[in-house]
Amino acid sequence: MAMRAATTVVAATPRGLRGLFSTLTSTSPFVPPPMTQVDKPSPAEPSTNLFVSGLNKRTTTDGLKEAFSKFGEVLNAKVVTDRASGYSKGFGFVRYATLEEAAAGIKGMDGQFLDGWVIFAEYARPRPLPGSPPPGNNGSPYGRQ
DNA sequence: ACTGAGCGA
């Protein structure tokens with residue numbers, strides 16, 4: 001009786017691929033969202049300057065002012081239009097007299113309809129005043145050190 | 001042409 005041979009033939013699993021897959025699955029192929037931002041999406045700081053978007057392209061400065069004047073005293077309103085063609089860009093700015101009026105205007109006009117379009121009102125970003133130092137080489141250590 | 005998530009002459 002000598003019928004024994006090739007007892008260990010199987011077990012030829014390519015562990016090279018396994019190792020690769022292990023590494024791949026180890027690096028999270030789905031990248032679970034850490035949700036590190038849940039209380040940050042603040043539009044801007046409170047200001048009397050309001051940024052209104054979602055305006056109808058034919059809404060004008062007067063219409064914007066008229067709409068926001070119902071929630072406060074609008075000192076100035078401005079719908080941004082392209083001076084090259086004169087068409088509205090679909091957003092504008094509204095300046096209230098006080099911060100509370102601005103807040104009232106936002107809470108009162110944000111999400112409302114104007115000229116058939118849902119408009120969004122929020123605090124406008126601080127804009128560099130006309131007269132601020134223009135971006136020059138102030139900060140580039142070129143020349144000499 | 002104004003047709004869209006956008007921050008001004």
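What pairs can you find where one residue is in region A:102-119 and touching a residue at least 60 places away in the same chain (Cβ under 8 Å) and among the small types (Gly, Ala, Ser), the other is surrounded by 13 or more Cβ atoms within 10 Å (Cβ to Cβ) and not in a strand (DSSP E or B), and their Cβ atoms are less than 7 Å apart, with a gap of 6+ or different chains?
Note: pairs meeting the criteria are A:Gly116/A:Asn56.
Looking at region A:51-137, what strands (runs of 3 or more DSSP E) fall wholly within it and have at least 1 residues that are in contact with a strand residue (DSSP E or B) (Cβ under 8 Å, 6 or more places away or on another chain) and polar (S, T, N, Q)? Outline the logic, then answer.
On the way: elements: A:74-81, A:88-96, A:120-123.
Passing ranges, in order: A:74-81, A:88-96.
I'd like to check something: does region A:77-95 contain any residue that is more than 11 Å from DNA strand B (Cβ to nearest atom) and either open to solvent by 90 Å² or more (accessible area, probe 1.4 Å) or modelled with pLDDT of 95 or more (or both)? Spell out the reasoning first.
Looking only at region A:77-95, we keep the residues that are more than 11 Å from DNA strand B (Cβ to nearest atom), and these are none.
The answer is no, given that none of the residues of region A:77-95 is more than 11 Å from DNA strand B (Cβ to nearest atom) and either open to solvent by 90 Å² or more (accessible area, probe 1.4 Å) or modelled with pLDDT of 95 or more (or both).
Could you check, for region A:55-67, whether at least one of its residues is within 18 Å of A:Pro126 (Cα to Cα) and within 9 Å of DNA strand B (Cβ to nearest atom)? Quick ask: steps written out before the conclusion?
Narrowing region A:55-67 to residues within 18 Å of A:Pro126 (Cα to Cα): none.
No, there is no match, as no residue in region A:55-67 is within 18 Å of A:Pro126 (Cα to Cα) and within 9 Å of DNA strand B (Cβ to nearest atom).
The values are calculated or read from the model by the stated rules, or taken from the named source; none is laboratory data. What you see is a predicted model; the values in this text were computed from it and never measured. Backbone-built Cβ (ideal geometry, glycine too); neighbour counts: all protein chains shown. Surface areas here come from the heavy atoms of the whole protein model, side chains and all, with no ligands, DNA or RNA. Shrake-Rupley method; radii C 1.70, N 1.55, O 1.52, S 1.80 Å.
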